[in-house]
Amino acid sequence: MPAHKPVKKAVFPVAGLGTRFLPATKAIPKEMLAVVDRPLIQYAVDEAREAGIEQMIFVTGRGKTAIVEHFDVAYELETTLAARGKDMNALEATRATPGDIITVRQQVPMGLGHAIWCARAIVGDEPFAIFLPDELMIANRNGGTGCMKQMVEAYGEVGGNLISVLEVPEEEVSSYGVIAPGRAVSPHLTEVTGLVEKPKREDAPSNKIISGRYILQPEVMRVLEGQEKGAGGEIQLTDAMARMIGTQPFHAVTFEGRRFDCGSKLGFVEATLALALEREDMGAEVRAMAQRLLE
Ligand code: G1P
């Protein structure tokens, strides 16, 4: 079994404009929208930490400062809460280890591939993870693990490049990156033989879509360097990954857990309802409330 370089860095592309949530996202980043009481970015960072990732690289843009501040120590708040004898757990859970949060800027939104490439100097010569925070991946209750932790485990077996995938109805494939699955290594791990970004339904190689989590080798940065525009006139990460197939191992992991597409309003509402319903501190009341509203 070869030893694979551990995954210690993660890139969070968070420079997007969040136009689908206007006017909510006019003055706050979409990654700061809260599902119940945690902003989307914090779910992603917590998932990264659970997987053993130490360095968080945010690819930000104008108007995105709140994302970085969220992981600061908020002295005023903490002092006030302490003086009032209030519970500090929620605040303390957001704190980053000093030096662990790094930001780089993407000046112009030119696509996901371009955003990732903006982090090349920090990624250096190491494997790295990518999190798209509007894909909310929630571990199963009673001991389930997060998506990235499951991917890191698979990485320990096969190395190379991995993406998380899930099946969607055929009419939805054209909104996503789609894989051509190859040999199954185990029930949740499959080789990837091809990748297409936002194919027409009739051209899609399967109904397995890329669901926003990646472990990639640093060579992808060199491929991205010369990557031409693809779907939507953007520099697509999927196109660069497709060119790496055959040069390095490439696998897809099916997450055992739940996924909510918080890039869409419906998905966001679904996530809010699902997570509120299972919260110990409010689940029963939310259930009763939902029943009343449905009557
Ligand atoms: C991006 C990726 C796509 C992936 C999707 C997951 O698309 O390019 O391959 O399936 O995220 O949400 P976007 O949502 O940025 O259009």
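The values are calculated or read from the model by the stated rules, or taken from the named source; none is laboratory data. A quick note: this is a predicted structure, and the numbers were derived from the prediction, not measured. A quick note on method: Cβ atoms are made from the backbone with ideal geometry, for glycine too, and the neighbour counts reach across all protein chains shown.
So the values come out like this:
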quantity: Residues that are in contact with a Phe, Trp or Tyr (Cβ under 6 Å, 6 or more places away or on another chain) and crowded, with 19+ Cβ neighbours inside 10 Å, drawn from region 249-295; calculated: CYS262, ALA271
quantity: Region 239-248: number of residues that are in contact (Cβ under 8 Å) with a residue 24 or more places away in the chain, surrounded by fewer than 21 Cβ atoms within 10 Å (Cβ to Cβ) and closer than 18 Å to TYR176 by Cα; calculated: 0
quantity: The listed residue being in contact with a Ser or Thr (Cβ under 6 Å, 6 or more places away or on another chain) and within 25 Å of LYS8 (Cβ to Cβ), out of ALA180, ALA139; calculated: ALA139
quantity: Of all residues making up region 233-267, the number that are more than 21 Å from GLU172 (Cα to Cα), within 15 Å of the ligand (Cβ to nearest atom) and part of a loop (DSSP other than H, G, I, E, B); calculated: 1
quantity: Members of region 120-164 that are within 12 Å of the chain's Cα centre (by Cα) and under 29 Å from THR247 (Cα atoms); calculated: ALA129, ILE130, PHE131, LEU132, PRO133, GLU135, GLY146, CYS147, MET148, ILE163, SER164
quantity: In region 135-191, the residues that are aromatic (Phe, Trp, Tyr) and either touching a residue at least 40 places away in the same chain (Cβ under 8 Å) or surrounded by fewer than 17 Cβ atoms within 10 Å (Cβ to Cβ) (or both); calculated: TYR155
quantity: Every residue from region 268-292 that is touching a residue at least 12 places away in the same chain (Cβ under 8 Å) and within 16 Å of the ligand (Cβ to nearest atom); calculated: PHE268, ALA271
quantity: Residue match in region 50-62 (condition: part of a helix (DSSP H, G or I) and modelled with pLDDT under 95); calculated: no
quantity: Verdict on GLU202 being over 18 Å from the mean Cα position of the chain (by Cα), closer than 20 Å to HIS4 by Cβ and surrounded by fewer than 15 Cβ atoms within 10 Å (Cβ to Cβ); calculated: no
quantity: Region 192-229, residues that are within 16 Å of MET244 (Cα to Cα) and either free of Cβ contacts under 8 Å to residues at least 24 places away in the same chain or among the small types (Gly, Ala, Ser) (or both); calculated: GLY194, ARG222, VAL223, GLY226, GLU228
quantity: Test: residue in region 205-223 that is modelled with pLDDT of 95 or more, in contact with a Cys (Cβ under 9 Å, 6 or more places away or on another chain) and not hydroxyl-bearing (Ser, Thr, Tyr); calculated: yes
quantity: Single match in ALA96, ALA10 (criterion: under 15 Å from the mean Cα position of the chain (by Cα) and either of a type in the set (A, V, I, L, M) or not in a loop (DSSP other than H, G, I, E, B) (or both)); calculated: ALA10
quantity: Filtered residue count, region 182-202, keeping only those that are within 15 Å of the ligand (Cβ to nearest atom) and either within 14 Å of HIS114 (Cβ to Cβ) or outside any loop (DSSP other than H, G, I, E, B) (or both); calculated: 6
quantity: Subset of region 18-39 (residues that are in a loop (DSSP other than H, G, I, E, B) and on the phi < 0 side of the Ramachandran plot); calculated: LEU22, PRO23, ALA24, THR25, LYS26, ALA27, ILE28, PRO29, LEU33, ASP37
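Each row is one residue, and each column tells you yes or no for (1) over 30 Å from ARG141 (Cα atoms); (2) aliphatic (A, V, I, L, M).
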| site | (1), (2) |
| --- | --- |
| PRO218 | yes, no |
| ARG222 | yes, no |
| ILE235 | yes, yes |
| PHE260 | no, no |
| GLY263 | no, no |
| PHE268 | no, no |
| ALA274 | no, yes |
| ASP281 | no, no |
| ALA290 | no, yes |
